[in-house]
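Chemist: Please find one structure pasted underneath; my questions will follow.
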Amino acid sequence: MTLDLAPWRDTCSNCGSPIVWAMSPSGRIRVPVNLEPDDERGSLLLSAHGGQLYAGALGRNQAAGARERGRQLHLAHVADCPPVRPVQR
């Protein structure tokens, strides 16, 4: 079953890539996550509860097991987004 990410879809203000905003499992931090799953580097398992998207981080072995079971894993966008360039003065 594929999760419909449309309600949380956005665009990164730094690089323009499509992302979704998910909450950390504690519900305290919003995390930008790449919209498309990453079969090689992804370690975030997305789930929706009560109208909110959550991103749970999996360890290496957990991620490998999730992939074997056909789960789609995503990558935190900070891993792909180029750093913000300092303003030249």
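We did not get these values from a lab; they are worked out from the coordinates using the rules stated. On a predicted model such as this, the values are computed, not experimentally measured, just so you know. FYI the Cβ positions are ideal-geometry reconstructions off the backbone, even for glycines, and counts take in every protein chain you see.
Chemist: Could you list 49, 74 in order of exposure, starting from the residue whose Cβ has the fewest other Cβ atoms within 10 Å?
Modeler: 49, 74
Chemist: Could you pull out every residue, at least 5 positions away or on a different chain, whose amide H is within less than 5 Å of the one on residue 53? Hs are placed 1.01 Å off N in the peptide plane, and Pro or chain starts have none.
Modeler: 23
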